[in-house]
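Step one of this worksheet: look at the structure below.
The values are calculated or read from the model by the stated rules, or taken from the named source; none is laboratory data. All values derive from a computational prediction rather than experimental measurement. Cβ sites come from the backbone with ideal geometry, for glycine too, and all protein chains shown count toward neighbours. Heads up: the accessible areas ignore ligands, DNA and RNA and are worked out on the full protein's heavy atoms, side chains in. Shrake-Rupley method; radii C 1.70, N 1.55, O 1.52, S 1.80 Å.
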Amino acid sequence: MNKQDFAKQRGAMVSRQIAGRGVRSPLVLDAMRSVPREAFLPVNQGEFAYEDAPLQIAEGQTISQPYIVALMTEALGLQGGEKVLEIGTGSGYAAAVLSRIASSVYTVERIDQLATKAAATLAALGYHNVHVLHADGTLGWPDHAPYDAIVVAAGGPAVPQALKAQLRIGGRLVIPVGPDRQLQELVRVTRISANEYKTEAIADVRFVPLVGEQGWGSSVPAPPA
Ligand code: SAH
């Protein structure tokens, strides 16, 4: 498949899977139309790039379903120009989508191999406003806090305190949470004041576990750095 075929498939994906399911934000739709998802997949999987599904990347992790990336991005309520923190870089795809709207994206990945690969992919494609860190994202990325928006692409037992603390007042945090390691509720937490937060439920979702100090314990340790 060549570049044009992918672009055509991407356009169809956005109309059917994203706009067709009610995502309305023009900023989100444009961002989803511009990022080549195939470039974030292992080479032999490129042909599946625009299927309505999550896909396997390396290290037993997944690239989220395009609709979920759009839904989470829309839930952040970005207007353009924000500073955004993403936890769970994975392939780097969602970070690239966010970078089309935000002015800068800081993204944290716990598995070194994924962080390194995602940073290389993002740089090669010219997404220079995305910064990748290999670390435990349940602790956030304090150096660049506060953030206008925070999005977590893995499911934790509860909202990590560190992330709430790194949210600007008025900022929004979107995260899958719940007592089941595999099945979560996607929630949006808005910071109302220094000590007040409002939580809204968005959807039932299925994410890989958020593993870390303020997430799930790791039964299988992360590979050595
Ligand atoms: N946004 C990604 C999908 C990520 S899947 C994409 O577009 O491809 C979730 C990712 O979260 C996995 O790569 C997993 O390794 C990572 N993860 C899990 N716990 C984490 C933690 N505590 N800190 C940072 N990343 C974490």
Query raised in the report: Within a Cβ distance under 11 Å of residue 109, other residues only, what is the Lys/Arg minus Asp/Glu net charge?
Result: -2
**Report entry** Protection proxy ranking of 85-95, 57-67, 184-194, 145-155 - average other beta-carbon atoms within 10 Å, highest first
**Finding:** 85-95, 145-155, 57-67, 184-194
Query raised in the report: Based on Cβ point charges of +1 for Lys and Arg and -1 for Asp and Glu, what charge dipole magnitude is obtained for the chain about its Cα centre, in debye rounded to the nearest 20?
Result: 520 debye
Report summary line: Cross-link reach from residue 8 to lysines, straight Cα distance under 28 Å and at least 8 residues apart if same chain, gives 117
Query raised in the report: Where both partners of a DSSP beta bridge lie in segment 3-205, what percent of those bridges are antiparallel, to the nearest 5?
Result: 45 percent
Requested in this report: Could you pull out every one of the lysines with an alpha carbon less than 17 Å from that of residue 198, ignoring same-chain neighbours closer than 8 positions?
Outcome: 164
Requested in this report: Please give the per residue accessible area of segment 3-205, computed with a probe of 1.4 Å over protein heavy atoms only, in Å².
Outcome: 42 Å²
Query raised in the report: Dipole size in debye (nearest 20) for segment 146-225 around its Cα centre, Lys and Arg Cβ +1, Asp and Glu Cβ -1?
Result: 160 debye
Requested in this report: Could you please state how large a percent of the accessible area of segment 26-127 is carbon and sulfur, counting protein chains only and using a 1.4 Å probe?
Outcome: 52 percent
**Report entry** Charge sum, other residues only, whose C-beta stays under 11 Å from residue 133's C-beta, Lys/Arg counted +1 and Asp/Glu -1
**Finding:** -4
